[in-house]
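Below: one structure, written as structure tokens.
The values are calculated or read from the model by the stated rules, or taken from the named source; none is laboratory data. Computed from a predicted structure; not experimentally measured. Cβ: placed from backbone, ideal geometry, glycine included. Neighbour counts: every protein chain shown.
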């Protein structure tokens, strides 16, 4: 938890102005833009108010407004001496943590929130196979309730996450046959398998433990449970939690990329990236290079540009490789990068990047670094993203400060910055294979899947809808594909074929 403190002899009244010098204002401006929970504390350390924020700095800054929206704010701020906060990976995590902390500390200025019946609650029903629901009343005394929560939209997202991570029932009434959720692995089907009662009760205990446990995120909870199971040599349980962590990372990445915007918080990914790269300013423009050379034919490279976390289509470029013969990804990346830098030098290119990203590992990074050194552009931030473990690399530095070698950046799997980089990488890959498809005169995405026996039109459509790209599909497991109704042997053949094509 981080803390900012206000001098005891200073306070904010109704007439305070943002343009007046004030110690608290300077401290608020130092808060991160990331999601989280903030604490307003009195001089004696008691908590006056707890709130959640999509952007901590922007939300807490609003308390310094000359004309606050809520009349009680000047009264509250006159007593505030400390501002503490906890960052969370996503806004939905902040929502859940806020409710847990309010319930624990009962802050005086949150009284309206605690007593107001109009705020939504989470309810675990008292049925033999309980469900998790949103509600606005507590009429069922046998049920278990959590909350209240301040944002119904985010609460629906939280319920969706719980349902995706824990395969409990969603049906209002138990059906006579297993529904779609069973077939896609999101329910253990107590409707047709009453023998799963013990396992089902364990899942409900997990849900209850998380909702009442005070953890700052879904990922933190799962990681702690995995470590506990590992220490106790319960390796099957540890593997279960690891799979849930992977599922959560994929789920949030898919939600991030599907709508074209980050659901976590404003530009929090860019600001987090600034920290990881030790940059002087937030890297607003990021370009990414990818190459596509299916079986060595019609080699092409793509470059996409993102500005303030959004696609900048006027900065997209396609390069048909001219100088490289055969399959040589490193040389192809070097050619495309050289052509961009030549364009910048000759002022044909107006899009000067803050960060250059290469789709690849240490070798790709080293090849790109050679070009930057040769063309005098080594001060530009350079990173690469390795496909297998989604690892981010950046050049290290020798004793003279010159970039050299490769260092791994240990970004958490649920990091907004990592989601942003994955989103940009996926777009570069999509752009590359689209160009390659044009040159080959056929639909590359469909042809790769079509070449595997046992994948019919319906399953092909399901795969292409479920996975954002062929590369994303190649990262799936045979178990995930089997849950979609694909035979295990066919799933293995498909994954082997994709890995061969995308090498």
Meets criteria (surrounded by 15 or more Cβ atoms within 10 Å (Cβ to Cβ), modelled with pLDDT under 85 and within 27 Å of the chain's Cα centre (by Cα)) for residue 243: yes
Number of the exception - residue 251 against (1) assigned to a helix (DSSP H, G or I); (2) crowded, with 18+ Cβ neighbours inside 10 Å; (3) modelled with pLDDT under 65: (2)
Report whether or not residue 318 is surrounded by fewer than 18 Cβ atoms within 10 Å (Cβ to Cβ), modelled with pLDDT under 90 and in a strand (DSSP E or B). yes
Take the residues in segment 454-475 that are in contact with a helix residue (DSSP H, G or I) (Cβ under 7 Å, 6 or more places away or on another chain) and part of a loop (DSSP other than H, G, I, E, B); name whichever of them is modelled with the lowest pLDDT. 468
Residues of segment 94-119 satisfying the condition of being at pLDDT 85 or above, surrounded by 14 or more Cβ atoms within 10 Å (Cβ to Cβ) and not in a helix (DSSP H, G or I): 107
Filtering segment 125-153 down to residues that are under 25 Å from residue 242 (Cα atoms) and outside any loop (DSSP other than H, G, I, E, B) yields 132
By residue number, the members of segment 344-365 that are more than 15 Å from residue 304 (Cα to Cα) and surrounded by fewer than 19 Cβ atoms within 10 Å (Cβ to Cβ) are 344, 345, 346, 347, 348, 361, 362, 363
Options 405, 396, 401; residue that is at pLDDT below 75, part of a strand (DSSP E or B), outside the structural domain of residue 245 (by TED's automatic domain parsing) and closer than 25 Å to residue 368 by Cβ: 405
Among what's in segment 334-363 and is part of a loop (DSSP other than H, G, I, E, B) and under 28 Å from the mean Cα position of the chain (by Cα), pick the residue that is farthest from residue 395 (Cα to Cα). 351
Hey, residue 158 within 25 Å of residue 242 (Cα to Cα), assigned by TED's automatic domain parsing to the domain that holds residue 246, surrounded by 13 or more Cβ atoms within 10 Å (Cβ to Cβ) and within 26 Å of the chain's Cα centre (by Cα) or not: yes
So how many residues does segment 300-358 have that are under 24 Å from residue 275 (Cβ atoms) and without any contact (Cβ under 8 Å) to a residue 40 or more places away in the chain? 2
